[in-house]
1. What is the Rg over Rh value, at two decimals, for the stretch 125-275, using alpha-carbon atoms and the Kirkwood definition of Rh?
2. If the only charges are +1 at each Lys and Arg Cβ and -1 at each Asp and Glu Cβ, what is the size of the charge dipole of the chain around the Cα centre, to the nearest 20 debye?
3. The stretch 53-204: D in µm²/s via Stokes-Einstein (Kirkwood Rh, Cα pairs, 4 °C, 1.567 mPa s)?
4. With every protein chain present, what accessible area does Thr36 have (1.4 Å probe, heavy atoms only), rounded to the nearest 10 Å²?
5. Per residue, how much accessible area does the stretch 71-202 have with a 1.4 Å probe, in Å²?
6. As I understand it, the value is the acute angle between the Cα axis of helix 159-171 and the longest principal axis of the Cα atoms of the chain; what does it come to in degrees, rounded to 10?
7. Carbon and sulfur together cover what percent of the accessible area of the stretch 223-323 at a 1.4 Å probe radius?
8. Rounded to two decimals, what is the ratio between the C-alpha radius of gyration of the stretch 196-323 and 2.2 N^0.38 Å?
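The values are calculated or read from the model by the stated rules, or taken from the named source; none is laboratory data. Bear in mind that the values here come from a model prediction, so they are computed numbers and not experimental data. As a convention, Cβ positions derive from the backbone with ideal geometry for all residues, glycine included, and neighbour counts pool all protein chains shown. Just so you know, the surface numbers come from the protein's heavy atoms only, side chains and all, with ligands and any DNA or RNA stripped out. Shrake-Rupley method; radii C 1.70, N 1.55, O 1.52, S 1.80 Å.
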Amino acid sequence: MVDKNILLEIKNLKVQYSTNNGIVHAVENLNMILNTSETLGFVGETGAGKTTTALSIMGLLPKAAGKVVEGEILYKNENLLLKNNNDMRTIRGKEIAMIFQDPMTSLDPVQKVGDQIAEMILLHEKINKKDAIEKAKKLLVTVGIRPERVDDYPHQFSGGMKQRVVIAIALACNPNLLIADEPTTALDVTIKAQVLELMKNLKKEFGASMIMITHDLGIVADICDKVAIMYAGSVVEYSDMRNLYENPCHPYTKGLFSSIPDIFEENVERLKEIKGLPPNNMEPSKGCSFYPRCENAMDKCKMRKPKICKITDSHYVNCCLYE
């Protein structure tokens, strides 16, 4: 029986990149579920596979190098990996939209911002150019930009304002799923807070589901309902937000929390670090990927992949400690 509350489900996803030096195993056996009107935080180090997962959902993996070698990406119970290019063009923007990491490179420098928003509307809706521009003005107001700036070019906006324009483009056709790839990376602290508050309000207004890709556990606590901790291309811990913060289970998750300063703890001279470096994704381990850096490592961790262990109904961990 199909659960109608599930908007997106990823099953055993494997993604590889072909390079001159060999095969990069970017995503390995990734599983996750996103429900309707839910926000899922993807957290992990650079190279963990967060953006690759997002690009796989969007069907935007680099054609020459990137390839999904196994698995399913089910959107409304339909496998996106079986869709052709025309079908995916229809879905992108209208059903699933993405806010890319760097607003400086996401916008066309020689096109007015109004035309760039209108382009998305014209692509998916039966509407004339004049009405599309009017809708673009309303979208600018929605993201906190004056409508008369519809004829301005990207270079006339600050970094935070450019990110607002990118958000307006993503929201142009009221998508069911919004993927935000570190949308505050290039912004200063004040503008970052404004953009996050804007995204929270827009999520409530439009009722869309969201995947928030980030390094920042503070953003996760502020905006997400569920969290997927990624390491070396796999989800090592998956939980609702409260359970994860009150009871982190995987040694890597515990390491992430230990590296955050605690303003209430006195006499802390040095933060606890996660020793070692992320693994080489060109040489996947037959055991647990976190084994070389783990303080709780056992012999069996080196020999085989850990099994998915259920902590509660909404909390799962991939770790031999809980088997």
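1. Checking Rg against Rh, the ratio lands at 1.06.
2. Working: 40 positive and 41 negative charges, 163 e Å.
Charge dipole, the chain, about its Cα centre: 780 debye, nearest 20.
3. Numbers: Rh = 16.3 Å.
Roughly 80 µm²/s, to the nearest whole number.
4. Approximately 70 Å² for this residue.
5. That works out to 49 Å² per residue.
6. 80
7. 51
8. On the way: Rg = 16.4 Å, N = 128, 2.2 N^0.38 = 13.9 Å.
So the stretch 196-323 has a normalised radius of gyration of 1.18.
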